[in-house]
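Trainee: Sharing a structure, written as C-alpha cells. Questions coming.
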Amino acid sequence: MITVLIALTLTAGAFAQTEADFIVALTRDGTGVVITGYTGSQMAVVIPATIQGMPVREIGSITEVWQDPHAAFRETRITSVVIPDGVTLIGTSAFSQCRQLTQVTIPDSVTRIGNHAFYSCSSLRTITLPDSITEIRYNTFTLSGLTSITLPATLTAIPDSMFSNCTSLVNVSLPEGLTTIGGGAFFSCTALTSITLPASIRRIEVIAFYGCTSLTTITIPETVQELSIARDSFQDCPRLTLATQALLRRRGWTGN
C-alpha cells in the first residue's frame, strides 16, 4: 500500500476549488486517487472527477480506522458536497462531525460506505442513497440530524448503531431484501413512531429499537415465517400499542 500523501502545491487562486484544495494519495491498487484531506476555503464543495490526471475513486481515509487523521472532510465546516461519478467508496469518518453539512450528492458508482462516515452531521436532514450501495458499515449516521431516509434496494442488513441517537428521525423506508436489523441500529431514535418491516426480515438484534420512546407501531407482513427477535430489542419503548406487543409476542419476542 502506498501511504505517502501527495501534497498538491498548485495555487488555490489560480484553480479556485479544484486540485489545489485537496490532499490525496493513490489507491491501494495504484489506479486512482483517494481524497484524504480538504484545505479549501469554499464550503460548497464539488469534488473533481480527476486529480493530476488520475480518476478519483475514494473519499475518506487510507485505513479503516475511525481515528485516522486523514479522514477527508472530518470536522470541516463544509455545507454541501457533490461526489463525482467514478467514486466507489465513501470511507471511514469521511464526513464525520461536519456539523454544518446539509446536502450530499452521491453518484451511482458508490458501492460502499465506511463506518462513522456521516457521524454527528447534525444539520444533515435527508440524504439519497443510490441502489448501487451494497455495504454500509456501523455508526454511519449516529448523532446525525436525519429526519427521513429511504434505504437502497440492494441493502440486506442494517449495521450496528447505524442510526443510533438520531433523535429527529421520523420516517424510515426499509427495502425488500433486508434480512437483518443490527444491534442498536435505531437506539434512542426518540422521534420514530412507526416502522414497517419487509417480508424478507429474519433477525432483529440486541437493543435494535432500545429507547425509541415514541414508537407505537411495528408492521410485520403475515408472510414472515421465521423471525428471531432479541429479548431487549424493544426495551424502553413505553408507547408500543398492545396490538403491536401482541404481534411481537406471537413472533417469539419475550422481552418487556
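The values are calculated or read from the model by the stated rules, or taken from the named source; none is laboratory data. A quick note: this is a predicted structure, and the numbers were derived from the prediction, not measured. Positions of Cβ are generated from backbone atoms using ideal geometry, with glycine treated the same way; all protein chains shown enter the neighbour counts.
Trainee: Would you confirm, using the coordinates I've provided, whether residue 170 is under 18 Å from the mean Cα position of the chain (by Cα) and surrounded by fewer than 16 Cβ atoms within 10 Å (Cβ to Cβ)? Can you show your working first?
Mentor: Values: under 18 Å from the mean Cα position of the chain (by Cα): yes; surrounded by fewer than 16 Cβ atoms within 10 Å (Cβ to Cβ): yes.
Considered against the rule, which asks whether it is under 18 Å from the mean Cα position of the chain (by Cα) and surrounded by fewer than 16 Cβ atoms within 10 Å (Cβ to Cβ), residue 170 comes out as yes.
Trainee: Let me confirm something: among 74, 99, 28, which residue is of a type in the set (Lys, Arg) and modelled with pLDDT of 95 or more?
Mentor: Answer to the selection: 99.
Trainee: Continuing with this model, one more query. From the list 137, 112, exactly one residue is of a type in the set (Lys, Arg), at pLDDT 95 or above and surrounded by 16 or more Cβ atoms within 10 Å (Cβ to Cβ). Which is it?
Mentor: After ruling out the rest, the residue left standing is 112.
Trainee: Does any residue of the range 214-223 turn out to be closer than 26 Å to residue 121 by Cα, out of contact with any Asp or Glu (no Cβ under 7 Å at 6 or more places or on another chain) and not assigned by TED's automatic domain parsing to the domain that holds residue 134?
Mentor: Looking for residues that are closer than 26 Å to residue 121 by Cα, out of contact with any Asp or Glu (no Cβ under 7 Å at 6 or more places or on another chain) and not assigned by TED's automatic domain parsing to the domain that holds residue 134, one finds at least one in the range 214-223, hence yes.
Trainee: So, one more: Taking the options 201, 207, 195, name whichever one is of a type outside the set (Lys, Arg), modelled with pLDDT of 95 or more, outside any loop (DSSP other than H, G, I, E, B) and outside the structural domain of residue 115 (by TED's automatic domain parsing).
Mentor: Criteria check complete, one pass: 195.
Trainee: Only one of (1) modelled with pLDDT of 90 or more; (2) in contact with a Ser or Thr (Cβ under 9 Å, 6 or more places away or on another chain); (3) closer than 17 Å to residue 94 by Cα is not met by residue 64, so which one is it?
Mentor: The number of the failed condition is (1).
Trainee: Looking at 248, 215, 227, which is the one that is surrounded by fewer than 18 Cβ atoms within 10 Å (Cβ to Cβ) and touching a strand residue (DSSP E or B) at 6+ places or on another chain (Cβ under 8 Å)?
Mentor: From the options 248, 215, 227, the qualifying one is 227.
Trainee: Within the range 33-51, can you find the residues that are more than 15 Å from residue 81 (Cα to Cα) and modelled with pLDDT of 95 or more?
Mentor: 50, 51
Trainee: Could you count how many residues in the range 122-181 are assigned to a strand (DSSP E or B), among the hydrophobic types (A, V, I, L, M, F, W, C) and more than 24 Å from residue 80 (Cβ to Cβ)?
Mentor: 3
Trainee: Among the listed residues 158, 127, identify the single one that is on the phi < 0 side of the Ramachandran plot, without any contact (Cβ under 8 Å) to a residue 60 or more places away in the chain and surrounded by 22 or more Cβ atoms within 10 Å (Cβ to Cβ).
Mentor: On the way: 127 fails: surrounded by 22 or more Cβ atoms within 10 Å (Cβ to Cβ).
Result of the check over 158, 127: 158.
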